[in-house]
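> Take a look at this one; I'll ask things after.
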Amino acid sequence: MDYFSYRESAGGRQLFAEDVALSELAERFGTPCYVYSSAALVGRFDAFSRAVGDALLCYSVKANDNLAVIRCLGGAGAGADIVSGGELRRALAAGIAPAKIVFAGVGKTGDEMDDALDAGIARFNVESEDELQLLASLAAARGVRAPVALRVNPDIDAKTHDKISTGRAQDKFGIEFDRAGALYARGAGLDGIAMDGLAIHIGSQLTSLKPFADAFGRLGELCRNLRQNGQTVSQLDLGGGLGISYAGETPLDLHQYGALVQRTGRELEAALTLEPGRWMAGPAGLLLARVIRVKQNGNKQFVIVDMAMNDLLRPALYGAWHDIQAVMPRPGGAAPVDIVGPVCESGDVIAAERGMPELRAGDLIAVRDAGAYGAVMSSSYNSRPPAAEAMVHGTDAALIRPRLDYDTLLARDSVPDWLTGSH
Ligand SMILES: *Cc1c(COP(=O)(O)O)cnc(C)c1O
């Protein structure tokens, strides 16, 4: 079901988010503004949950860390997959039970581990021997055992964008497959560590099942070896990575993925954790922006909008394609235009040579599938306050993160005495 659809309204046919007209949201909250549908978030969580059966679903907070988004998914039953102390704070603040929080990442610091031990999270997915030792000593010092899964690098090419492939031997993530067995045994012998499983995460925006099947197969191999050597492996964390359809490409079939996950859990007789991020949040959000002006350069038409690469980095960073819709499409045919932001970088192009109905200054556009890896990657480059964020729920809408004002933006800086001449 599409939670963003065109409907007839008093002002004519226009795009809605659930039961709220986007033009109304633009009036209330200004532009640029991310708009998330809470029904879409919950609907996607439920569909995923049904497809994978009995598994702990830890929403990957880095996809969209807004407290309202985490709380919405938490209310539907989600736990949290975190990669930093800041995400731990957010997950806890959003009411996620510590018993449903798993902590991944190659650079966990001692302070972050301490915070997570204090909170009593479900599991640390450990990515190096050094990290294992540090965690062991911190946990032992407080007389507890930290629950640990080893994140292994299965050396599988996820066949996705180079920058979001994480499971190849050359990537920084996980423990070398061939060393994992020895390290597992080490961990099991350490005071302060309770080894209870294995974890993988091979990349993001995967659009075929094969890399998942290969990686789960490798994990199974390791799991059986460990058990043959007398180790206990009760938890398998199969990561996230399920892709979505940005450009109308065939997304990975959720039910085939779910069947593979369930078969893996059955065959290996282990409790499962999954860490979907993009799949949950991506299609549940869009970025609403307004056309500032239209400019003709030679035979190229540039539609300059009030959102930019500082609000949504994916097109500039990955060459990512997002569907763009006119909120109130003008009649007439489509013509190719470049939709660009105001940032002083030639790479600040949201869409190149995109067929769009006529757009004029003041018109609204919606950049679709921007709910994941959108707002979280925003910055204030060019001293542009990042876009606001809003959530809709039926006919209700609320601002869930305001756009910073200039005073707040400037108040974060301070000028030392020797520059102001006041010492
Ligand atoms: C980013 C990340 C995820 C989520 O990936 P998606 O592609 O958004 O599903 C899951 N697990 C770990 C360890 C991650 O770093």
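The values are calculated or read from the model by the stated rules, or taken from the named source; none is laboratory data. Remember, it's a predicted structure, so these values are computed and weren't measured experimentally. Note that we place each Cβ from the backbone using ideal geometry, even for glycine, and neighbour counts take in every protein chain shown. Surface areas here come from the heavy atoms of the whole protein model, side chains and all, with no ligands, DNA or RNA. Shrake-Rupley method; radii C 1.70, N 1.55, O 1.52, S 1.80 Å.
Yes or no, residue by residue, for (1) at pLDDT 95 or above; (2) out of contact with any strand residue (DSSP E or B) (no Cβ under 7 Å at 6 or more places or on another chain):
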| residue | (1), (2) |
| --- | --- |
| A213 | yes, yes |
| N229 | yes, yes |
| E249 | no, yes |
| Q256 | yes, yes |
| W279 | yes, no |
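> Among the candidates I96, I82, which residue alone is crowded, with 19+ Cβ neighbours inside 10 Å, more than 19 Å from L138 (Cα to Cα) and within 12 Å of the ligand (Cβ to nearest atom)?
Only one candidate qualifies: I82.
> Let me ask something else about it. Please enumerate the residues belonging to the range 158-172 that are open to solvent by 50 Å² or more (accessible area, probe 1.4 Å) and either basic (K, R) or under 19 Å from the mean Cα position of the chain (by Cα) (or both).
Those that are open to solvent by 50 Å² or more (accessible area, probe 1.4 Å) and either basic (K, R) or under 19 Å from the mean Cα position of the chain (by Cα) (or both): K159, H161, D162, K163, K172.
> Being open to solvent by less than 70 Å² (accessible area, probe 1.4 Å), touching a helix residue (DSSP H, G or I) at 6+ places or on another chain (Cβ under 9 Å) and not polar (S, T, N, Q) is the filter here; which residues of the range 1-15 pass it?
If the condition is that a residue be open to solvent by less than 70 Å² (accessible area, probe 1.4 Å), touching a helix residue (DSSP H, G or I) at 6+ places or on another chain (Cβ under 9 Å) and not polar (S, T, N, Q), then Y3, F4, G11, L15 are the ones that fit.
> To continue, here is another question. Only one of L150, L132, L138 is more than 16 Å from the ligand (Cβ to nearest atom), modelled with pLDDT of 90 or more, over 23 Å from A78 (Cβ atoms) and buried (at least 22 other Cβ atoms within 10 Å of the Cβ). Can you tell me which?
It is L132.
> Here's another thing I want to ask about it. Can you say whether G174 is away from the ligand (no atom under 16 Å from the Cβ), in the same structural domain as G241 (by TED's automatic domain parsing) and not basic (K, R), as far as the supplied structure shows?
In short, no.
> Given the conditions (1) in the same structural domain as E269 (by TED's automatic domain parsing); (2) open to solvent by 40 Å² or more (accessible area, probe 1.4 Å), and given that A116 satisfies all but one, which numbered condition is not satisfied?
Going through (1) in the same structural domain as E269 (by TED's automatic domain parsing); (2) open to solvent by 40 Å² or more (accessible area, probe 1.4 Å) one by one, A116 breaks only (2).
> Which residue is farthest from the ligand (Cβ to nearest atom), if the candidates are limited to the range 203-222 and must be surrounded by fewer than 21 Cβ atoms within 10 Å (Cβ to Cβ) and free of Cβ contacts under 8 Å to residues at least 60 places away in the same chain?
For the range 203-222, the residue satisfying everything is E221.
> Could you check, for the range 41-54, whether at least one of its residues is surrounded by fewer than 20 Cβ atoms within 10 Å (Cβ to Cβ) and under 30 Å from E131 (Cβ atoms)?
Yes: the range 41-54 contains one or more residues that are surrounded by fewer than 20 Cβ atoms within 10 Å (Cβ to Cβ) and under 30 Å from E131 (Cβ atoms).
> Report whether or not G285 is touching a strand residue (DSSP E or B) at 6+ places or on another chain (Cβ under 8 Å) and open to solvent by less than 10 Å² (accessible area, probe 1.4 Å).
The answer is yes for G285.
> Quick one: in the range 223-252, of everything that is away from the ligand (no atom under 16 Å from the Cβ) and of a type in the set (S, T, N, Q), which residue is nearest to R44 (Cα to Cα)?
Top of the filtered list is T250.
> I need every pair where a residue in the range 263-285 that is more than 9 Å from the ligand (Cβ to nearest atom) has its Cβ under 6 Å from the Cβ of a residue that is assigned to a helix (DSSP H, G or I), sequence separation at least 6 or different chains.
T264/F216; L268/G220; L268/C223; L272/G265; A284/A40; A284/L41
> In the range 358-375, which residue that is surrounded by fewer than 16 Cβ atoms within 10 Å (Cβ to Cβ) and not charged (D, E, K, R) is farthest from D407 (Cα to Cα)?
A361
> Moving to a separate point now. Which residue pairs have Cβ atoms under 7 Å apart, sit 6 or more places apart or on different chains, and have a first residue in the range 406-423 that is without any contact (Cβ under 8 Å) to a residue 40 or more places away in the chain and a second that is open to solvent by less than 100 Å² (accessible area, probe 1.4 Å) and in a helix (DSSP H, G or I)?
Sorted first by the residue in the range 406-423, then by its partner, the pairs are L409/S383; H423/D417.
> While we're looking at this one, here's another question. Across the range 297-307, what is the total count of residues that are under 18 Å from G341 (Cβ atoms) and without any contact (Cβ under 8 Å) to a residue 40 or more places away in the chain?
Number of matching residues: 5.
> A further question follows. Scan the range 179-200 for residues that are closer than 19 Å to A169 by Cβ and open to solvent by 40 Å² or more (accessible area, probe 1.4 Å) and jot them down.
Matches in the range 179-200: R179, A182.
Conditions (1) assigned to a loop (DSSP other than H, G, I, E, B); (2) under 22 Å from R314 (Cβ atoms); (3) over 20 Å from the mean Cα position of the chain (by Cα); (4) modelled with pLDDT under 95, marked per residue:
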site: Y373; (1), (2), (3), (4): yes, yes, no, no
site: S379; (1), (2), (3), (4): yes, yes, no, no
site: N382; (1), (2), (3), (4): no, yes, yes, no
site: M391; (1), (2), (3), (4): no, yes, no, no
site: A397; (1), (2), (3), (4): no, no, yes, no
site: L404; (1), (2), (3), (4): yes, yes, yes, yes
site: L410; (1), (2), (3), (4): no, no, yes, no
site: D413; (1), (2), (3), (4): yes, no, yes, no
site: H423; (1), (2), (3), (4): yes, no, yes, yes
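> Also, I was wondering about something else. Output the number of the condition that V349 fails; it satisfies all remaining conditions of (1) crowded, with 18+ Cβ neighbours inside 10 Å; (2) closer than 28 Å to C72 by Cα.
(2)
> When the residues of the range 281-303 are filtered to those that are farther than 30 Å from L41 by Cβ and charged (D, E, K, R), which remaining residue is nearest to the chain's Cα centre (by Cα)?
If we take residues in the range 281-303 being farther than 30 Å from L41 by Cβ and charged (D, E, K, R), then R293 is nearest to the chain's Cα centre (by Cα).
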